[in-house]
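Quick notes on the structure that follows.
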Amino acid sequence: MTRIIAGRAGSLALAVPGSGTRPTSDRVRESLFGALDAADRVRDAAVLDLYAGSGALALEAISRGAASADLVERAPAAASVAERNARNVARAAAGARVRVHRAGVDAFLRREPGPYDLVFLDPPYDLGESELAATLELLVPALAPDAVVVIERAARSPQPALPAGVELTRSKRYGDTTLWWVARP
C-alpha cells in the first residue's frame with residue numbers, strides 16, 4: 001500500500017493506478033524526503049511533479065508543508081487517480097494549492113512559466129535518453145534560481161544528459177532505482 005509518510009496528511013493511504021505506472025516505494029520516498037527536509041527544500045516550495053502517476057511525490061511534499069503542487073500526467077486513468085489523491089491530501093493540508101494537469105509533460109512545459117522550487121521527474125523507465133534530455137531542456141526555464149530537480153530512473157540507466165543551466169549535485173541508488181539530484185550552478 002502506498003501512503004503519505006509524514007506531515008499533515010501522514011499515514012493517509014493513496015490509490016495507485018492499476019497499470020502503466022511504477023510508484024516510488026515508501027523506502028525511497030522516506031529517504032528522499034529526509035534529505036529534502038534536512039536541506040529545508042520542501043517548506044513553502046512550489047512543486048512540479050512530472051509523469052506524476054498517483055502523485056505520491058508531490059503530495060508527500062504538500063503534506064510536509066509545500067505551498068503548491070502541479071501534477072502532470074497524460075494517462076487518463078492515472079490522472080483520475082492523482083486527482084482523487086490530490087483532493088484527499090489537500091483536505092488534510094488546508095491552504096495548499098494542488099492542481100492536476102491532464103497533459104503530456106513536454107506540452108505542459110511549453111506553456112507553463114513556473115517558477116518551481118522543487119521538481120520531481122519520474123518518467124517511465126522505457127523513456128529514451130534523448131527524450132529525457134529534451135524534457136530537461138524544456139524544464140530549465142521553469143526553474144526558480146535555487147531549484148532542485150530529482151530525477152528517478154532505473155539503476156541500469158545512464159546518468160541523464162543535462163542541458164546548460166543545471167548540473168548534477170548527487171545521486172543515490174536504492175536497489176533497482178537511482179535518484180539523480182540536479183540544481184542550478
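The values are calculated or read from the model by the stated rules, or taken from the named source; none is laboratory data. In this text the structure is predicted, and so the values were computed from the model without any measurement. Note that each Cβ is placed from the backbone with ideal geometry, even for glycine, and that neighbours are counted across all protein chains shown.
With respect to A77, determine if the residue is in contact with a Gly (Cβ under 9 Å, 6 or more places away or on another chain), more than 17 Å from V149 (Cβ to Cβ) and either of a type outside the set (V, I, T) or not in a loop (DSSP other than H, G, I, E, B) (or both). Give the steps one after another, and end with the answer.
Numbers: in contact with a Gly (Cβ under 9 Å, 6 or more places away or on another chain): yes; more than 17 Å from V149 (Cβ to Cβ): yes; either of a type outside the set (V, I, T) or not in a loop (DSSP other than H, G, I, E, B) (or both): yes.
Taking the combined requirement at face value, the residue satisfies it.
So which residues in the stretch 56-74 are part of a loop (DSSP other than H, G, I, E, B) and either modelled with pLDDT under 95 or surrounded by fewer than 21 Cβ atoms within 10 Å (Cβ to Cβ) (or both)?
Within the stretch 56-74, G65, A67, R74 qualify.
Just the residues that are in a strand (DSSP E or B), under 14 Å from the mean Cα position of the chain (by Cα) and not acidic (D, E), please, taken from the stretch 1-55.
From the stretch 1-55, those in a strand (DSSP E or B) are 2-3, 13-14, 46-50; that's our starting set.
Narrowing further to those that are under 14 Å from the mean Cα position of the chain (by Cα): 46-50.
A46, V47, L48, L50 - these are the residues of the stretch 1-55 that are in a strand (DSSP E or B), under 14 Å from the mean Cα position of the chain (by Cα) and not acidic (D, E).
State whether one or more residues within the stretch 20-28 are surrounded by 23 or more Cβ atoms within 10 Å (Cβ to Cβ), aliphatic (A, V, I, L, M) and touching a residue at least 40 places away in the same chain (Cβ under 8 Å).
no
Out of all the residues in the stretch 170-185, which are out of contact with any Ser or Thr (no Cβ under 8 Å at 6 or more places or on another chain) and assigned to a strand (DSSP E or B)?
Residues satisfying the conditions are R170, R173.
Look through L118, L139 and report the one residue that is buried (at least 19 other Cβ atoms within 10 Å of the Cβ), touching a Phe, Trp or Tyr at 6+ places or on another chain (Cβ under 9 Å) and touching a residue at least 12 places away in the same chain (Cβ under 8 Å).
L139 is the lone residue from the list that is buried (at least 19 other Cβ atoms within 10 Å of the Cβ), touching a Phe, Trp or Tyr at 6+ places or on another chain (Cβ under 9 Å) and touching a residue at least 12 places away in the same chain (Cβ under 8 Å).
Quick one: which of P123, P113 is loosely packed, with under 15 Cβ neighbours inside 10 Å and either assigned to a loop (DSSP other than H, G, I, E, B) or among the basic types (K, R) (or both)? Please lay out each step first, then the result.
Numbers: P123 fails: loosely packed, with under 15 Cβ neighbours inside 10 Å.
Matching residue, one of P123, P113: P113.
When you look at L12, is it at pLDDT 90 or above, out of contact with any Cys (no Cβ under 8 Å at 6 or more places or on another chain) and surrounded by 17 or more Cβ atoms within 10 Å (Cβ to Cβ), yes or no?
When the stated conditions are applied, L12 does not pass them.
Residues in the stretch 84-106 that are over 27 Å from P141 (Cβ atoms) and assigned to a helix (DSSP H, G or I): how many?
8
Kindly evaluate R153 against the criterion of being of a type outside the set (A, V, I, L, M), free of Cβ contacts under 8 Å to residues at least 60 places away in the same chain, surrounded by 20 or more Cβ atoms within 10 Å (Cβ to Cβ) and within 24 Å of S54 (Cβ to Cβ).
Yes.
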